[in-house]
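Below: one structure, written as structure tokens.
What follows is calculated from the coordinates using simple rules that are stated; it is not laboratory data. In this text, all values refer to a predicted model and were calculated from it rather than measured experimentally. No Cβ is skipped: glycine too gets one built from the backbone with ideal geometry, and neighbour counts run over all protein chains shown.
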Amino acid sequence: MSTLNQHLATHTGDKPYMCGECGYRTAKKSELSRHMRTHTGEKPYKCDQCDYSATRKYHLDQHLANHTGDKPFKCDQCDYSTARKHSLHRHLARHTGDKPYMCGDCGYRTARKYDLSTHMRTHTGEKPYKCDQCDYSAADKSTLNRHLAMHTGDKPYMCGECGYRTTQKSTLSRHMRTHTGEKPYKCDQCDYSAAHKSNLNQHLQFTHAQW
């Protein structure tokens, strides 16, 4: 397909290139080639300073910034800076509150197109990320990575206070509240607060429920 025809497809919505594994469709052959790497695991872009490899060149470019410390993308509203352009866009959305991407099925809104694509899989049931050690599959890569840690036993997130280790960053964040005493979940009917959302839900159920 010529470059002009690919451009015209953005107007017509035509997506002639389809993945035989999961049904993903796109207007560009190059996009299909990149998509196929989510199934094959191919990572042709290699870092020359460590063993990192990536499916896309811009992912490698972003990784290389970790070695150089370069953070060229700067917020014009605060002193935040980052090595990744998309990280800056995500950060800026915190200032503006803008969430331009909306789900047509349930009204979910987000600041990132990628998050909307991931969300849509809750409706379609698509799970393109496959475990190579069992038949588990996931809708997004981070969920697959958490699952893989069950096979490897890897627990990269460690508490500096007590040595507690976990496979998930979010679990470590929750654990840290046992040290800091932070209780971010507030009851809107009394002065109760909790370190975990599940505790707040239990409080609401047993203390304020309408019987």
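State whether region 157-207 is rounded, prolate or oblate according to the following rule on the C-alpha gyration tensor (a ≥ b ≥ c being the square roots of its eigenvalues): a/c under 1.5 gives rounded; otherwise a/b larger than b/c gives prolate, and the remaining case gives oblate.
Because a/c hits 1.5 or more and a/b exceeds b/c, region 157-207 counts as prolate.
Rounded, prolate or oblate: which fits the chain when a ≥ b ≥ c are the square roots of the eigenvalues of the alpha-carbon gyration tensor, with rounded for a/c under 1.5 and prolate only if a/b beats b/c?
Verdict is prolate for the chain.
To the nearest 10 degrees, how steep is helix 169-180 against the longest Cα principal axis of the chain, on a 0 to 90 scale?
That works out to roughly 20 degrees.
With axes computed from alpha carbons, what is the tilt in degrees of helix 57-68 against the longest principal axis of the chain, rounded to the nearest 10 within 0 to 90?
50 degrees
Tell me, what is the percent relative contact order of region 157-207, built from C-alpha pairs under 8 Å that lie six or more residues apart?
22 percent
Using the Cα centre of the chain as the reference point, and only Cβ charges (+1 on K/R, -1 on D/E), how large is the resulting charge dipole? Debye, rounded to the nearest 20.
Charge dipole, the chain, about its Cα centre: 220 debye, nearest 20.
About the Cα centre of region 96-194, how large is the charge dipole given +1 on each Lys and Arg Cβ and -1 on each Asp and Glu Cβ? Please answer in debye to the nearest 20.
It works out to roughly 140 debye.
Go through Lys99/Lys127; Lys57/Lys113; Lys29/Lys141; Lys15/Lys43; Lys15/Lys74; Lys85/Lys183 and tell me which ones have a Cα-Cα distance over 29 Å in this structure.
The answer is Lys15/Lys74; Lys85/Lys183.
Let me check I've understood the local charge: for Ala54, count other residues with C-beta under 15 angstrom from its C-beta, Lys and Arg +1, Asp and Glu -1. What total comes out?
+4
How big is the dipole moment of region 14-58 about its Cα centre under a simple scheme where the beta carbon of each Lys and Arg is +1, that of each Asp and Glu is -1, and everything else is neutral? Debye, nearest 20, please.
180 debye
So, counting K/R as plus one and D/E as minus one, what does the shell of residues with Cβ under 14 Å around Asp105 add up to?
Spelling it out: positives minus negatives among the neighbours equals +1.
Between beta-carbons, use under 9 Å as the cut-off and find the net charge around Ala93, counting Lys and Arg +1, Asp and Glu -1.
Around Ala93, the surrounding residues sum to +3.
Determine the relative contact order of the chain: mean sequence separation of Cα pairs under 8 Å and six or more apart, normalised by residue count, in whole percent.
Relative CO of the chain lands at 7 percent.
Do the sum for the chain: with -39,500 (n - 2.57) for every DSSP H run of n ≥ 4, divided by all residues, what is the mean residue ellipticity at 222 nm, to the nearest 500 deg cm²/dmol?
Calculated from helices alone, the mean residue ellipticity at 222 nm is -13500 deg cm²/dmol.
Angle check, please: helix 113-124 long axis (alpha carbons) against the longest principal axis of the chain (alpha carbons), in degrees 0 to 90, nearest 10.
The helix 113-124 is inclined about 80 degrees to the chain.
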